[in-house]
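The values are calculated or read from the model by the stated rules, or taken from the named source; none is laboratory data. Since we're looking at a predicted model, the values are computed, not measured. Reconstructed Cβ throughout: ideal geometry from the backbone, glycine too, with neighbour counts over all protein chains shown.
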Amino acid sequence: MNIPADLKYTKSHEWVRVEADGSLTVGITHHAQDLLGDMVFVETPAVGRTVSAGEECAVVESVKAASDVYAPVAGEITAGNADVEASPEKINQDPYGAWMFKIRPVDASAANGLLDAAAYQALVEAEAH
Amino acid sequence: MLKQTPLNAAHRELGAKMVDFGGWDMPVNYGSQIEEHHVVRSACGIFDVSHMLPVDVKGEGVRAFLRRLVANNVDKLQTPGKALYSCMLNERGGVIDDLIIYFMDERWFRIVVNAGTADKDLAWMQDCNAAWDANLSLAPRRDLAMIAIQGPQAAAVLHAAMPGSEQMTEGLKPFNAVNVGEMFVARTGYTGEDGYEVMVPAKSAPFFWKALLEAGAKPAGLGARDTLRLEAGMNLYGQDMDETVSPLESGLAWTVDLKSERDFVGRKALETSEITRQLVGLVLLDKGVLRAHQRVHTKHGTGEITSGTFSPTLQQSIALARIPLGIAPGEMVEVEVRDKKLQANVVKYPFVRNGKALI
């Protein structure tokens, strides 16, 4: 299981990187892409959209199924990754490189409330049983 | 507790991702569903389809029994090994299951039914057997495993894996089968490619599976099986048809024989019911993925997608949809996908055959 220690995680299997400017970069975890299988379609949120924590804001579709991606915290979308929209398979190849969107949180410390790598690992293991 | 095929350990050894498939512990892929799909279109993939059930129907008058039991006409089967695809209907003309019937001899036909419907099918056949005083024996063959060998290199793989099989399967035409030693080799499949479905004693299945891999075949899971059959325009029971819909509204009119005088189950209902819908192919023009149960808007009213996926061969989304009559290939329809209405083109299916795009 590939769960980088320097990232934060959500219970809905997004990973979150806290950037130097306080914005958050969001993608889906290795575990999530493994469950979904080969990705064929990605839709990222519009820049400027404001979202609440847990709001559906992007979609990934594998050959098998469609899955929503949720905003980890409340904030404003500042970027969507056109590269993964054009090449959804990059999520399978490099889930922690293939980010989906960036968000500027309303509460600068909001990311502190997310799961750390150990807690996410425990969550994944619990779901496997 | 999930049911296991004789190849369960072999799948796990290959690192398959296993899923609960209608109560069976089956491989959905061995890494990448799309790669497995392409291997079948370009070389040779093998599938464990042992969850499907062969039923041997034996006794005096088995042909007469089947003339009445199924919608296609078993009188088309005159040479041993010949196969026939048919629906088995209820009295309302709905589809209990779709199946393949092999003619072995005048006292023995073999019927292969779907996994999810096997218990129901067997019970129905037994009820008919009793109600019609047919006195046939109906034997489910869970002692047989089934492996599908599919792709342009299927014949070469089979011959390499089974020394001596080349002569015995030479000239075997599509929808025909032959006994090769303890194996029953049919030139059938569910992918739109050349290939075989081989029934083999359960105890021999792991050895045969390994021999096929050593002969160059790649394992392929049920995920690829679904995208391959959809590209090939083949119906899936429970999605594209079921007990509530007529085969005539499911793209299966070609399998219903109304020319003969037979009084088969469901015939009256088919002949008296009005046909208002048709099964068509859709190709999505916008980005996105068509999925089962999405609503389809046409100029003659709404319909529904019955099967949808992303086509690895065409690199766009395709679907089968049940829509009102009067919409012709080439016309545009709108499909509701989440909060959007996407444009799709109505097409004649199959979408892909023998590795080539047809649309």
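Please work out which one of (1) part of a loop (DSSP other than H, G, I, E, B); (2) aromatic (Phe, Trp, Tyr); (3) under 20 Å from the mean Cα position of the chain (by Cα) is the condition B:TRP254 fails and give its number.
Result: B:TRP254 fails condition (1) only.
Please name all residue pairs, on different chains or six or more residues apart, with Cβ atoms under 9 Å, provided the first residue is in region A:98-110 and is within 16 Å of A:GLU43 (Cβ to Cβ) and part of a loop (DSSP other than H, G, I, E, B) and the second residue is modelled with pLDDT of 95 or more and basic (Lys, Arg).
Close Cβ pairs (under 9 Å, with a partner that is modelled with pLDDT of 95 or more and basic (Lys, Arg)) amount to A:ALA98/A:LYS90; A:TRP99/A:ARG17.
So, B:ASP56, is that one in contact (Cβ under 8 Å) with a residue 40 or more places away in the chain, more than 14 Å from every other protein chain (Cβ to nearest Cβ), surrounded by fewer than 21 Cβ atoms within 10 Å (Cβ to Cβ) and in a strand (DSSP E or B) or not?
On the way: in contact (Cβ under 8 Å) with a residue 40 or more places away in the chain: yes; more than 14 Å from every other protein chain (Cβ to nearest Cβ): yes; surrounded by fewer than 21 Cβ atoms within 10 Å (Cβ to Cβ): yes; in a strand (DSSP E or B): yes.
So B:ASP56 fits the description; yes.
Restricting to region B:278-312, count the residues that are buried (at least 19 other Cβ atoms within 10 Å of the Cβ), touching an Asp or Glu at 6+ places or on another chain (Cβ under 7 Å) and away from chain A (no Cβ under 12 Å).
Adding up the residues that qualify gives 5.
Are any of the residues in region B:73-96 charged (D, E, K, R), in contact (Cβ under 8 Å) with a residue 12 or more places away in the chain, part of a strand (DSSP E or B) and crowded, with 19+ Cβ neighbours inside 10 Å?
The answer is no, given that none of the residues of region B:73-96 is charged (D, E, K, R), in contact (Cβ under 8 Å) with a residue 12 or more places away in the chain, part of a strand (DSSP E or B) and crowded, with 19+ Cβ neighbours inside 10 Å.
How many residues does region B:312-321 hold that are part of a loop (DSSP other than H, G, I, E, B) and without any contact (Cβ under 8 Å) to a residue 60 or more places away in the chain?
Taking region B:312-321 first, the residues part of a loop (DSSP other than H, G, I, E, B) are B:312-315.
Now restrict to residues that are without any contact (Cβ under 8 Å) to a residue 60 or more places away in the chain: B:315.
So the count comes out to 1.
If you check B:GLY221, B:GLY233, B:GLY238, B:GLY266, which single one turns out to be within 15 Å of B:ASN72 (Cβ to Cβ) and of a type in the set (Gly, Ala, Ser)? Spell out the reasoning first.
On the way: B:GLY221 fails: within 15 Å of B:ASN72 (Cβ to Cβ); B:GLY233 fails: within 15 Å of B:ASN72 (Cβ to Cβ); B:GLY238 fails: within 15 Å of B:ASN72 (Cβ to Cβ).
After applying the criteria, what remains is B:GLY266.
Please state which of the following conditions B:LEU158 fails to meet, knowing it meets all the rest: (1) more than 22 Å from the chain's Cα centre (by Cα); (2) in the same structural domain as B:TRP209 (by TED's automatic domain parsing).
Failing condition for B:LEU158: (1).
Could you please find all residues in region A:57-70 being more than 10 Å from every other protein chain (Cβ to nearest Cβ), surrounded by fewer than 23 Cβ atoms within 10 Å (Cβ to Cβ) and touching a helix residue (DSSP H, G or I) at 6+ places or on another chain (Cβ under 7 Å)?
Just the residues of region A:57-70 that are more than 10 Å from every other protein chain (Cβ to nearest Cβ), to begin with: A:57-58, A:60, A:67, A:69-70.
Filter once more, so that each one left must be surrounded by fewer than 23 Cβ atoms within 10 Å (Cβ to Cβ): A:67, A:70.
Listed by number, the list holds a single entry, A:SER67.
What number of residues within region A:60-93 are outside any strand (DSSP E or B) and farther than 26 Å from B:LEU314 by Cβ?
Quick first cut of region A:60-93, residues outside any strand (DSSP E or B) only: A:63-65, A:71-74, A:81-93.
Next, from what is left, pick out any that are farther than 26 Å from B:LEU314 by Cβ: A:71-74.
Final tally of qualifying residues: 4.
Looking only at region B:122-140, decide whether some residue is under 19 Å from the mean Cα position of the chain (by Cα), at pLDDT 95 or above, on the phi < 0 side of the Ramachandran plot and assigned to a strand (DSSP E or B). First the steps, then the outcome.
Pass one, region B:122-140, residues under 19 Å from the mean Cα position of the chain (by Cα): B:122, B:140.
Restricting the remaining residues to those that are at pLDDT 95 or above gives B:122, B:140.
Keeping just the survivors that are on the phi < 0 side of the Ramachandran plot gives B:122, B:140.
If we keep only those that are assigned to a strand (DSSP E or B) as well, we get B:140.
For region B:122-140, residues under 19 Å from the mean Cα position of the chain (by Cα), at pLDDT 95 or above, on the phi < 0 side of the Ramachandran plot and assigned to a strand (DSSP E or B): present.
Hey, could you check region B:189-216 for residues that are in a loop (DSSP other than H, G, I, E, B) and either more than 21 Å from the chain's Cα centre (by Cα) or of a type in the set (Ser, Thr, Tyr) (or both) and say which is nearest to B:ILE96 (Cα to Cα)?
Going residue by residue through region B:189-216, those that are in a loop (DSSP other than H, G, I, E, B) are B:189-194, B:215-216.
Pick out the ones that are also either more than 21 Å from the chain's Cα centre (by Cα) or of a type in the set (Ser, Thr, Tyr) (or both) and you get B:190-191, B:215-216.
On the way: B:TYR190: 19, B:THR191: 23, B:ALA215: 38, B:GLY216: 38 Å.
Across region B:189-216, the extreme among qualifying residues is B:TYR190.
Within the set of pairs 6 or more residues apart or between chains, which connect a residue that is on the phi > 0 side of the Ramachandran plot inside region B:223-234 to a residue that is of a type in the set (Asp, Glu) with Cβ atoms less than 9 Å apart?
As it stands, the answer is none, since no pair meets every condition given.
I'm checking my understanding of the structure. Among residues of region A:76-91 that are touching a Lys or Arg at 6+ places or on another chain (Cβ under 6 Å) and not aliphatic (A, V, I, L, M), which one is nearest to the other protein chains (Cβ to nearest Cβ)? Don't jump to the end; show me each part of the working.
Pass one, region A:76-91, residues touching a Lys or Arg at 6+ places or on another chain (Cβ under 6 Å): A:76-79, A:84.
When the remaining residues are screened for being not aliphatic (A, V, I, L, M), the result is A:76, A:78.
Details: A:GLU76: 21, A:THR78: 23 Å.
Top of the filtered list is A:GLU76.
Would you check if A:VAL73 is away from chain B (no Cβ under 14 Å), within 14 Å of the chain's Cα centre (by Cα) and either surrounded by 18 or more Cβ atoms within 10 Å (Cβ to Cβ) or among the hydrophobic types (A, V, I, L, M, F, W, C) (or both)?
Working: away from chain B (no Cβ under 14 Å): yes; within 14 Å of the chain's Cα centre (by Cα): yes; either surrounded by 18 or more Cβ atoms within 10 Å (Cβ to Cβ) or among the hydrophobic types (A, V, I, L, M, F, W, C) (or both): yes.
Criteria met by A:VAL73.
When the residues of region B:322-344 are filtered to those that are within 14 Å of another protein chain (Cβ to nearest Cβ) and touching a residue at least 40 places away in the same chain (Cβ under 8 Å), which remaining residue is nearest to B:ASP286 (Cα to Cα)? Full working, then the answer.
First, pick out the residues of region B:322-344 that are within 14 Å of another protein chain (Cβ to nearest Cβ): B:335-340, B:342.
Keeping just the survivors that are touching a residue at least 40 places away in the same chain (Cβ under 8 Å) gives B:335-337, B:340, B:342.
On the way: B:VAL335: 10, B:GLU336: 12, B:VAL337: 11, B:LYS340: 11, B:LEU342: 6 Å.
Step by step, filter region B:322-344, then rank; the result is B:LEU342.
Among the residues of region B:2-17, how many are more than 20 Å from B:ILE111 (Cβ to Cβ) and either of a type in the set (Gly, Ala, Ser) or buried (at least 18 other Cβ atoms within 10 Å of the Cβ) (or both)?
So the count comes out to 8.
Among (1) away from chain A (no Cβ under 14 Å); (2) part of a helix (DSSP H, G or I), which single condition is B:HIS37 missing?
Of everything listed in (1) away from chain A (no Cβ under 14 Å); (2) part of a helix (DSSP H, G or I), B:HIS37 misses just condition (1).
Determine whether A:ASP38 is surrounded by fewer than 19 Cβ atoms within 10 Å (Cβ to Cβ), without any contact (Cβ under 8 Å) to a residue 60 or more places away in the chain and either within 14 Å of another protein chain (Cβ to nearest Cβ) or within 17 Å of B:GLY308 (Cα to Cα) (or both). Before you say what the answer is, go through the steps one by one.
On the way: surrounded by fewer than 19 Cβ atoms within 10 Å (Cβ to Cβ): no; without any contact (Cβ under 8 Å) to a residue 60 or more places away in the chain: yes; either within 14 Å of another protein chain (Cβ to nearest Cβ) or within 17 Å of B:GLY308 (Cα to Cα) (or both): yes.
Against the criterion (surrounded by fewer than 19 Cβ atoms within 10 Å (Cβ to Cβ), without any contact (Cβ under 8 Å) to a residue 60 or more places away in the chain and either within 14 Å of another protein chain (Cβ to nearest Cβ) or within 17 Å of B:GLY308 (Cα to Cα) (or both)), A:ASP38 does not qualify.
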